[in-house]
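Step one of this worksheet: look at the structure below.
The numbers here are math on the coordinates, done by the rules we state, and not lab data. On a predicted model such as this, the values are computed, not experimentally measured, just so you know. FYI the Cβ positions are ideal-geometry reconstructions off the backbone, even for glycines, and counts take in every protein chain you see.
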Amino acid sequence: MTTETETLSVIVEREVAFPPEKIWRALTQPHLIAEWLMKSDFRPVLGHRFDLSADWGIVNCEVREVEPHRSLAYSWDTKDLRSIVTWTLTPTENGTILRIEQQGFEPHQRPYFQGATAAWPRFVDAMEKLLAGLD
């Protein structure tokens, strides 16, 4: 049972056929981030503030956690949404378990939650296509 004070999370988790080091490049290099997510001035430095921009608007972010090739977290603030995006990379025999969680959707923010539920799998698909083309 969900109470009105609980926040919602969107989670996408899948095994991809690439090592964590290669996925880390796609998560942290601005020219690669632009290929699968949005334009940004990202740097994998704790406390670094950056924006993600698309034709629909801008997301204000701040790096919250950096553990190279393992995990990355940043705030994801846009309009009245205040959330955290966390990427976790777990090596496997065949590649990496890639997990993204966006947490912090308030019960009244169903449209944001539904948008993220639809968007993150597409972003991860786009990242996989990009990774397949990288050396």
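Once backbone amide H atoms are built at 1.01 Å from N, E106 has L8 as its partners under 5 Å, excluding neighbours fewer than 5 places away on the same chain. Extension gain, T90 to R122, is 9.5 nm, computed as 0.36 nm per intervening residue step minus the present C-alpha separation. The label point for Q103 and the one for L134, both projected 7 Å from the Cα toward the Cβ, are 2.6 nm apart.
K129: which lysines have alpha carbons under 17 Å from its alpha carbon, excluding same-chain residues fewer than 8 sequence positions away? Cross-link targets: K22. Close amide H pairs (under 5 Å, H built 1.01 Å from N) link D41 with D51, residues at least 5 positions away or on another chain. Rounded to the nearest whole Hz, the Karplus-based 3J(HN,Hα) values (6.51 cos²θ - 1.76 cosθ + 1.60, θ = phi - 60°) of the stretch 36-48 follow the sequence 10, 10, 7, 5, 7, 10, 5, 9, x, 10, 3, x, 5, with x at glycine and proline.
Principal axis analysis of the Cα atoms in the stretch 8-133 yields extents of 41, 25, 25 Å, listed in decreasing size. Only Cα pairs under 8 Å and 6+ residues apart enter the sum, and on that basis the relative contact order of the stretch 8-133 stands at 30 percent. Within straight-line reach of K79, meaning a Cα separation under 27 Å, sit the following lysines at least 8 residues removed in sequence or on another chain: K39. Taking only the alpha carbons of the stretch 47-109, we obtain Rg and Dmax values of 13.6, 41 Å in that order.
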